[in-house]
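Heads up, the thing below is written out as structure tokens.
The values are calculated or read from the model by the stated rules, or taken from the named source; none is laboratory data. Since this is a predicted model, take the numbers as computed values, not measurements. Backbone-built Cβ (ideal geometry, glycine too); neighbour counts: all protein chains shown.
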Amino acid sequence: MDGSVRPLFVNRFHQLAIYTDKPEFAVKQMKALGYTEWIHDQATLTGEVGGKQFSSEGRMWFNYEFYGDAGLQGDAVPHWQRRPSELEFLEYAGYSWHEAAGRTERNGQLPEGAEPFLSHMSCYVSDAEPEVDRLYKEYGLEVIQWFATSDHLNKYLKDKKQTFYEFIFDTRLMFGYDLKIIQRVQH
């Protein structure tokens, strides 16, 4: 790269998320393949999809063994800093950008005969608003869904009093998946 073009995301991707309405089945299959360490979380998501207010429930399963060199870096490196770090199986119970786009039916169910699909790739940012503005100004990317999380069931996040602001950009026609930026919020 000659430096004349600034990368779309200046931070590296940390997450590959697959949407499925049968995440427990997907996790069971991955465990049978040897990827045995899964972290479950469930949270309330409140925000906007295409200008429409929504509140939904997100159900997420995370694995940090599947990708890269996590085991080679040792426990001194936090899991979110390992390359690449997260495989996620995701399901929504309620409205989301996937339903708005016709990829899921009401309450997050996949249409009859539909297969799980690559939902998005994500990266963490320290401050989401300037990055949202930059992606619009430099690339014309618009946010199709944003939300704040609350009421996490994961003990680690509850103990740390941590939630997230998340912004999703419609890049499916460009890349075959959407892009998401995530900002951690300490309370």
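Worth pointing out:
- Total residues in the range 17-51, condition modelled with pLDDT of 95 or more, among the small types (Gly, Ala, Ser), surrounded by 13 or more Cβ atoms within 10 Å (Cβ to Cβ) and over 14 Å from the mean Cα position of the chain (by Cα): 2
- Residues of the range 101-115 classified as surrounded by 10 or more Cβ atoms within 10 Å (Cβ to Cβ) and under 19 Å from the mean Cα position of the chain (by Cα), total: 7
- Some residue of the range 150-159 being within 26 Å of PHE25 (Cα to Cα), in contact (Cβ under 8 Å) with a residue 60 or more places away in the chain and crowded, with 17+ Cβ neighbours inside 10 Å: yes
- Among the residues making up the range 117-149, those that are of a type outside the set (D, E, K, R) and free of Cβ contacts under 8 Å to residues at least 24 places away in the same chain are PRO130, TYR136, GLY140.
- Within the range 89-116, the set of residues being in contact (Cβ under 8 Å) with a residue 12 or more places away in the chain and small (Gly, Ala, Ser) comprises ALA93, GLY94, SER96, ALA100, ALA101, GLY108.
- Restricting attention to the range 65-99, the residues being surrounded by fewer than 18 Cβ atoms within 10 Å (Cβ to Cβ) and at pLDDT 95 or above number 0.
- First in the range 172-185 and touching a residue at least 60 places away in the same chain (Cβ under 8 Å), second anywhere and among the aromatic types (Phe, Trp, Tyr), Cβ under 7 Å, 6 or more apart: ASP178/PHE169; LEU179/PHE169; LYS180/PHE167; ILE181/PHE167; ILE182/TYR124; ILE182/PHE164; ARG184/TYR124; ARG184/PHE164
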